[in-house]
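Participant: Before we start, here is the structure in question, set down as C-alpha cells.
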Amino acid sequence: MAVALELDELSKKFRSVRALDRVSLALPPGRLLCLVGPNGSGKTTLLKILAGLVLPDSGRASAPEPIGFSPGEERSFYARLSGLENLRFFAALRGLGAVELEARLEELKNPLALEDVLASTYQKASAGMKMKLSIARALLHRPRLLLLDEPTKSLDPDSCERIRALVKAEYSGKPERLALWSTHRLEEAWGLGTEIALLSKGRLAAFGTPEDLLRRSGADTPAGAYRRLVS
Amino acid sequence: MIPRLPRVLYAFLRRDALQKFSYRTAFVLEVVSVLLSVATFYYVAKLIGPAALPALSAYGGDYFAFVLLGIAFSSYQSVGMHSFSENLREEQVTGTLESLLAAPVGLPALLLGFAQWDILYATSQTALYLLAGTAVFGASFHAAGLPAALLIFALTLTSCAGLGLFSAAFILMFKRGDPVAWLVAAASELLGGVYFPVAILPDWLRTLSLFIPMTHSLEGMRLALLKSASVREVAPQAAALALFTAVFLPLGAVFFRKALARAKKDGSLGHY
C-alpha cells in the first residue's frame with residue numbers, strides 16, 4: 001500500500017497540557033480522514049503540525065505537498081479588503097496568476113456560494129461567509145494535502161452539504177490527494193470520512209473506516225460508537 | 001507551486017496599497033502633517049543665529065536645510081528598524097500570520113514583502129519633505145551628490161534591517177515590548193544628529209553616537225546633498241554602515257529564525 005500520510009509516535013505538549021500523545025497512523029492517497037474528538041483532544045494541534053505552524057516535541061510526520069489549510073479561526077484575512085482581493089493576495093503567495101485564479105474561482109464559486117463574500121469587504125461578511133472564503137483559499141491551488149479545521153461549524157445545513165460534496169469530489173478516491181477534516185459532528189464524520197480518527201486527550205483512541213468503528217464498538221449509531229470508543 | 005519572488009512582492013505591494021488607501025483621511029492627514037512639520041522647522045531655523053554657524057559650516061551653514069534632511073531621512077532608519085516588527089505585530093493582531101506562514105513563501109521574500117511598502121512610503125514622504133522645503137521655503141540641495149546619497153540610502157536600509165530582524169524576533173517571542181527598537185529609537189533621537197550636529201555633543205556622547213547607524217547615515221546624506229560630496233568622500237560613512245550591515249544582518253537573521261522556531265515550538269505563532 002502506497003502511503004501518503006504517515007504519523008509516527010507524534011507527541012506535543014504545551015506546558016503541562018499534553019496535546020498529542022504518541023499518535024501514529026498511516027493513510028494511502030485518495031482518502032478523506034475525519035478527525036473527531038472533544039475540545040482539547042488534539043485535532044487542531046495535529047492539523048497545525050501538518051501545516052508546518054507547530055513543531056512536534058517528538059515523533060515524525062510525513063505528508064504530501066503542497067498543503068491547503070483552512071484554520072478554524074475567523075480572523076485570518078485582511079478586514080478592509082474584499083473577499084476577492086484577499087483571495088488574489090493569498091493565491092499569489094501560492095504561485096497562482098490572475099488567469100488561473102479566475103478559472104479556479106469559476107469552479108469554486110457555485111459550490112461554495114462565494115458570490116457575495118467575493119464582492120463585500122471581509123469585515124462586513126458573516127461568520128459563514130468568512131468560513132467559505134477560508135475553505136476557498138485552502139482549495140485554490142489544488143493542494144495534495146487539504147487540512148480543514150471544523151469547516152462546517154458556522155455554516156447552514158445546505159452549505160455544509162455542498163462543501164462536503166465538493167471536498168469529496170476533489171479528494172475522495174483521487175490518487176496523490178488526501179484530505180483531513182476535523183469536526184464535532186459525528187454524523188458528518190461517519191457520512192463523509194473514508195477513515196475516522198477518534199482523538200481523546202491527545203491520544204488516538206480509535207482509527208478505522210466508519211463501518212470498522214461501528215463494528216468494533218458494537219454500537220448501532222455514530223454517537224454510540226463515539227461514546228464507547230472515546231470514553 | 002513555489003511562487004516567483006516578483007509575484008509575491010507585487011501581491012504584498014498591492015495588498016498594502018489597498019489597505020493604506022482605504023484609510024483616506026489618515027493618508028491626507030499624514031501629508032498635511034509633513035507640510036506642517038516643514039513649516040515649523042522653517043520658522044525654528046529663523047531663530048538659529050550666527051552663533052550656530054561654526055557647527056553648521058561643515059553642512060553649508062543653513063540650519064533649515066540641515067534639519068530638513070535630518071527629519072526626512074531619519075524615517076529610513078525607522079523603516080529598517082520597525083518595518084518587520086510592526087508588520088509582524090499587525091499580522092499577529094489581525095490573525096493572518098499563520099495564514100501567511102502556511103504559504104510556500106521563503107522568509108526573506110516574506111520579510112521583503114513586509115518592508116517594501118514602508119520603503120516606498122518613506123521615500124514619498126522624504127520627497128514631499130524635500131519638495132516642500134525647496135519649492136515653498138527655499139531650501140537648496142545639491143543634485144551632484146545624488147550617487148553618494150543613493151549609496152548611503154541603500155546602506156542605511158541594510159544596516160537598520162539587521163537591527164530590525166532582532167526587533168521582529170522579540171515581537172515573535174514576547175508579542176509586545178521590543179527593547180531593541182526602543183533603545184535604538186531613544187538613542188537616535190539624542191545621538192543620531194537629526195536636529196543638531198553631533199559635533200556639539202560632549203566627547204563621550206560623540207563616541208557613543210558612532211555606534212548608531214543613523215549618525216553615519218545622516219552625516220553621509222548631508223555631505224552628499226548639502227556639500228555635493230562624491231561617493232569617495234562619503235566612503236567613511238558608507239564603510240561604517242557596511243560594517244553594521246555585515247555584523248547585524250546575519251546575526252539578526254539567525255536570531256529571527258530561532259525566534260520563529262521557538263514560536264512554532266510553543267505553538268504561539270497565532271498569539272498576540
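The values are calculated or read from the model by the stated rules, or taken from the named source; none is laboratory data. These numbers were taken from a predicted model, which means no experiment stands behind them. Every residue, glycine as well, gets a Cβ built from its backbone with ideal geometry; the counts of neighbours run over all protein chains shown.
Participant: Tell me which strands (runs of 3 or more DSSP E) are completely within segment A:1-80 and hold 1 or more residues being surrounded by fewer than 21 Cβ atoms within 10 Å (Cβ to Cβ) and more than 13 Å from chain B (Cβ to nearest Cβ), or say none if there are none.
Facilitator: Fully inside segment A:1-80 and qualifying: A:5-14, A:17-27, A:31-36, A:58-62.
Participant: If A:L47 satisfies every condition in (1) more than 29 Å from A:P222 (Cα to Cα); (2) touching a Phe, Trp or Tyr at 6+ places or on another chain (Cβ under 8 Å) but one, which is the exception?
Facilitator: It fails just one condition, (1).
Participant: Pairs needed: first member in segment B:83-103, within 7 Å of chain A (Cβ to nearest Cβ) and over 18 Å from B:Q116 (Cα atoms); second member anywhere, modelled with pLDDT under 90 and not in a helix (DSSP H, G or I); C-beta distance under 6 Å; at least 6 residues apart or different chains.
Facilitator: From residues that are within 7 Å of chain A (Cβ to nearest Cβ) and over 18 Å from B:Q116 (Cα atoms), the pairs are B:G95/A:E73; B:G95/A:R75; B:E98/B:L269; B:E98/B:G270.
Participant: Kindly establish whether A:A103 is among the hydrophobic types (A, V, I, L, M, F, W, C), more than 22 Å from the chain's Cα centre (by Cα) and not assigned by TED's automatic domain parsing to the domain that holds A:R162. Explain how you work it out, then say what you get.
Facilitator: Numbers: among the hydrophobic types (A, V, I, L, M, F, W, C): yes; more than 22 Å from the chain's Cα centre (by Cα): yes; not assigned by TED's automatic domain parsing to the domain that holds A:R162: yes.
Against the criterion (among the hydrophobic types (A, V, I, L, M, F, W, C), more than 22 Å from the chain's Cα centre (by Cα) and not assigned by TED's automatic domain parsing to the domain that holds A:R162), A:A103 qualifies.
Participant: Shifting gears a bit: Among the residues in segment B:55-63, are any more than 14 Å from chain A (Cβ to nearest Cβ) and of a type in the set (S, T, N, Q)? Write out each step before concluding.
Facilitator: Keep residues of segment B:55-63 that are more than 14 Å from chain A (Cβ to nearest Cβ), which gives B:55-63.
Subsequent filtering for residues that are of a type in the set (S, T, N, Q) retains B:57.
Looking for residues that are more than 14 Å from chain A (Cβ to nearest Cβ) and of a type in the set (S, T, N, Q), one finds at least one in segment B:55-63, hence yes.
Matching residues to (1) more than 23 Å from the chain's Cα centre (by Cα); (2) part of a helix (DSSP H, G or I); (3) crowded, with 19+ Cβ neighbours inside 10 Å:
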residue: B:L13; (1), (2), (3): no, yes, no
residue: B:D16; (1), (2), (3): no, yes, yes
residue: B:E30; (1), (2), (3): no, yes, no
residue: B:A39; (1), (2), (3): no, yes, no
residue: B:A55; (1), (2), (3): yes, yes, no
residue: B:V79; (1), (2), (3): no, yes, yes
residue: B:R89; (1), (2), (3): no, yes, yes
residue: B:L111; (1), (2), (3): no, yes, yes
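Participant: Answer yes or no as to whether A:L133 is modelled with pLDDT of 95 or more and over 13 Å from the mean Cα position of the chain (by Cα).
Facilitator: On the way: modelled with pLDDT of 95 or more: yes; over 13 Å from the mean Cα position of the chain (by Cα): yes.
Yes; evaluated as a whole, the condition is true for this residue.
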